Amino acid sequence: MDFLTLFLLYLCFLVSFVALLGVCSGGRGIYHRSSQLQNVTHQALHRLFYTRSCLFVVLHILLEAAVYGEYTWEVFVYCWELQFHLLLLLLPYLLLAGNVGCFLLCSRADPGIITKSNHASVVKVYAYDGVLFQKGILCPTCNMEKPARSKHCSVCGVCVQRVDHHCVWLNNCIGARNARYFLLYLSTLTAMAAAITTISAALLRHLVLLSGMMHGTYLDEQGHEQPVGIFFLVQHLFLTFPRIVFMLGFVILLTLVLGAYSCFHLYLALTNQTSNEWCKSRRYRWSHQQTLQPHDRQVVYKNIYSRGVWMNLKEIFKPPTLLERKKKT
């Protein structure tokens, strides 16, 4: 039971870290009082999440290096000795190569920065829907009219076309010109975590079957003979292969979180929305529902930018330009 307690604490730590990251990344304005400690904390959070920094990029690289180091040092060696198929063992490395390529493209590409030189053409690419995006609204920082589907990024200090969000892990905005790379980056990252999870779990299962432990018995604290159960089995694996078990717990959680996030962004791509628009549309519906009278009809927001699944995906991988829009009209 000591192991189970430790392992549960380990999982709670991972979940808490993910939750804290989400709360802090969206937690601007949490600290309202003017005490010195709160001001220092607020400044630290602002520097961490609201200024361009390579901190999360370095953390991203260190986490991948730790996981792949353990996979190469133990999992790959054990699986090779047990005659796992070589292509299966090399799959995580192939996915890593693709992920690194997408990471570099996404982090170094222009997300669609709007400047005074390209503003006249960008403002004509998307029509204003009159709900989420109103014509004639100026960006107070850039001192330019905001094109439809654009937003000013306070981290980068620029307005971005068809902005989705600012990704601290990439140290760059996700916009019209690098959304395709971000979707591929998320997909390969999820596939990497899933592949390592599958191979590591298969290795532990294979080792258990080879040992014949499932048909064995053990003596409990009272000296009674008990059949081997799942708790005893997990504890034995932890004591025998602690690094593999801890890595497996981490990549399982990572697979679930990344899988859900990837599905969300795939949904956004298929419906031609961005994270910014998805959040704004829900705030719009909520604010209007609060003012509705019992006899009023429910407010329904219509996304005018969606043109069907195929065309929506095509727009992600080939962003529209003013020239293309003129050809269609």
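The values are calculated or read from the model by the stated rules, or taken from the named source; none is laboratory data. What you see is a predicted model, and the numbers here were worked out from it, not measured in a lab. Quick reminder, even Gly has a Cβ in these numbers, built from the backbone with ideal geometry, and neighbours come from all protein chains shown.
Worth a mention:
- Enumeration of residues in region 238-271 that are modelled with pLDDT under 90 and farther than 18 Å from V67 by Cα: L239, T240
- Top-ranked residue of region 90-147 - restricted to ones that are among the polar types (S, T, N, Q) and buried (at least 16 other Cβ atoms within 10 Å of the Cβ), ranked as nearest to N172 (Cα to Cα): S107
- Any chance T198 is among the polar types (S, T, N, Q) and assigned to a loop (DSSP other than H, G, I, E, B): no
- Restricting attention to region 156-171 and to residues that are surrounded by 23 or more Cβ atoms within 10 Å (Cβ to Cβ) and aliphatic (A, V, I, L, M), the residue that is nearest to C139 (Cα to Cα) turns out to be V160.
- For region 173-214, the set of residues classified as in contact (Cβ under 8 Å) with a residue 60 or more places away in the chain and of a type in the set (S, T, N, Q) consists of N178, S187, T188, T190, S200, listed by residue number.
- Residue check: S117 meets all listed conditions (1) outside any helix (DSSP H, G or I); (2) modelled with pLDDT of 95 or more; (3) among the hydroxyl-bearing types (S, T, Y) but one, namely (2).
- Any hit, region 149-162, residues being in contact with a helix residue (DSSP H, G or I) (Cβ under 9 Å, 6 or more places away or on another chain) and outside any loop (DSSP other than H, G, I, E, B): yes
- Check on S107, under 23 Å from the mean Cα position of the chain (by Cα), modelled with pLDDT under 90 and more than 18 Å from I304 (Cα to Cα): no
- Filtered residues of region 304-323 (kept if at pLDDT below 90 and closer than 20 Å to Y181 by Cβ): P319, P320, T321
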